[in-house]
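Working notes for the structure below.
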Amino acid sequence: MAAATRSVRMASRLTSFSRPSALFAQRASVAQRAAFSVSTRNLKSEVVKETEVPVSIYSGDAKGAASSNTGDHFSIPVKPRQQVAESEPDDHVQPLEDKVYRQMPRTLQKMSVMGKVIIITGGARGLGNYMARACAEAGAKAIVIFDANQDLGDESAAELHQKTGLPVSFFKVDVRDGSAINAAVQNVVDLYGAPDVMVNAAGIADSNIPAEKYDAAMFRRLIDINLNGSFLMSQAVGRAMMAAGKPGSIILVASMSGTIVNYPQEQSCYNASKAGVIQLGKSLAAEWAKYNIRVNCISPGYMDTALNKVPALDAQKKIWKSLTPQERLGAVDDLNGLCVFLASDASSFMTGSNVIIDGGYTLY
């Protein structure tokens, strides 16, 4: 009992001795944090925005020895940081010439589409039309535009041919019509040989419609164009590639909406259709790898196309920009480089990928 009492007393004394030490450590920690905060504030206040940077250069003599002169002194101007301005795309189209291609390093040659036959759906306007121009500039042998709009399709094909001198064809094709697609693809084979690349940019968007009010017929139409159309086009072109025994690249234009839910607009059905396109692309890639046919998806963010340039969307566009790290919408030619890369042999080890190109929107 006495031993137990002594143990309790000893523990009590040790506790009383440890308290001042703990208190001192706590006060020291507070003091250190305060000093650090003051030091940080001082450092921040010492930053000076220079309008020019003084430079001193001391050069050696011809033998490498230190020079006895006082050095060369001058200043270089400092330009204030400016936000990148949104620029209009250049409508000039300069096709890659064969003699230029032969002079290019091997890496750059692989990043071209030299000699390839390329089908682009939805190529009469917008993103599809600019990707068609990019492929023409990157060395395509022939460009084939599939679109449901007769007037725009004819006009776009004629304009691209006049600007490049390349063979350009237009087929009035609705991507929901499997028989029309098969007939058109067969005619492309007869004209130019089996296609090397297919870019499916045809699609529609229904937005700002709550799911509980979305008409079932509208849903079927959207799925029919966005998802079924992607399948029917891929199937027809894939068969042509297989029959010719040649490698190929199929590029499906999906959307970041296939992996995230957009804000503030309500568009559940559109999002579901694009999620289906992404999964379709992955599945076809797995099935057709044995035929050396690659299938990849491009998923754009908010793009500044004609469809988005309406006053009714101005308020939403401000929100979209505020949620995008680059604080802008994509230009109509911002997909061009990615499209050419996926179409080219530079991406030959890439299939089943979904590449999001959105100015950083999906980072948040």
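The values are calculated or read from the model by the stated rules, or taken from the named source; none is laboratory data. Quantities reported herein were computed from a predicted structural model and do not represent experimental measurements. Glycine also receives a Cβ, built like all others from the backbone with ideal geometry; neighbour counts cover every protein chain displayed. Areas reflect the complete protein model, heavy atoms only, side chains present, ligands, DNA and RNA absent. Shrake-Rupley method; radii C 1.70, N 1.55, O 1.52, S 1.80 Å.
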Query raised in the report: Given the conditions (1) modelled with pLDDT under 95; (2) charged (D, E, K, R); (3) within 21 Å of residue 347 (Cβ to Cβ), which single one is not true for residue 141?
Result: (1)
Requested in this report: May I ask you to list the residues in segment 216-255 that are farther than 26 Å from residue 349 by Cβ and assigned to a loop (DSSP other than H, G, I, E, B)?
Outcome: none
Query raised in the report: Can you name every residue in segment 188-234 that is among the small types (Gly, Ala, Ser) and touching a residue at least 24 places away in the same chain (Cβ under 8 Å)?
Result: 193, 194, 201, 202, 203, 205, 207, 211, 229, 230, 234
Report task. Enumerate the pairs (first residue in segment 289-302 and part of a helix (DSSP H, G or I); second residue anywhere and open to solvent by less than 60 Å² (accessible area, probe 1.4 Å) and of a type in the set (Gly, Ala, Ser)) with beta-carbon separation below 9 Å, excluding pairs fewer than 6 apart on the same chain, so at least 6 apart or on different chains. Result -> 289/352; 291/238; 291/248
Query raised in the report: Of all residues in segment 259-275, which are within 19 Å of the chain's Cα centre (by Cα), surrounded by fewer than 19 Cβ atoms within 10 Å (Cβ to Cβ) and not in a loop (DSSP other than H, G, I, E, B)?
Result: 275
Report summary line: Exactly one of 80, 105 is modelled with pLDDT under 95 and of a type outside the set (Asp, Glu), and that residue is 80
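Out of all the residues in segment 172-221, which are of a type in the set (Ser, Thr, Tyr) and open to solvent by 70 Å² or more (accessible area, probe 1.4 Å)?
The one that is of a type in the set (Ser, Thr, Tyr) and open to solvent by 70 Å² or more (accessible area, probe 1.4 Å): 179.
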Query raised in the report: In this structure, does residue 317 turn out to be within 21 Å of residue 230 (Cα to Cα), open to solvent by 20 Å² or more (accessible area, probe 1.4 Å) and in a helix (DSSP H, G or I)?
Result: no
Report task. Hey, could you check segment 320-355 for residues that are of a type in the set (Ser, Thr, Tyr) and in contact (Cβ under 8 Å) with a residue 40 or more places away in the chain and say which is surrounded by the fewest Cβ atoms within 10 Å (Cβ to Cβ)? Result -> 348
Query raised in the report: So which of 256, 242, 233 ends up being in contact with a helix residue (DSSP H, G or I) (Cβ under 8 Å, 6 or more places away or on another chain), at pLDDT 95 or above and open to solvent by 20 Å² or more (accessible area, probe 1.4 Å)?
Result: 242
Requested in this report: Residue by residue through segment 151-167, note down the ones that are among the acidic types (Asp, Glu) and farther than 16 Å from residue 91 by Cβ.
Outcome: 151, 154
Query raised in the report: Can you pull out the residues in segment 135-157 that are open to solvent by 10 Å² or more (accessible area, probe 1.4 Å) and over 18 Å from residue 173 (Cα atoms)?
Result: 137, 138, 141
Report summary line: Inside segment 126-156, the number of residues satisfying the requirement of being more than 19 Å from the chain's Cα centre (by Cα) and in contact (Cβ under 8 Å) with a residue 24 or more places away in the chain is 17
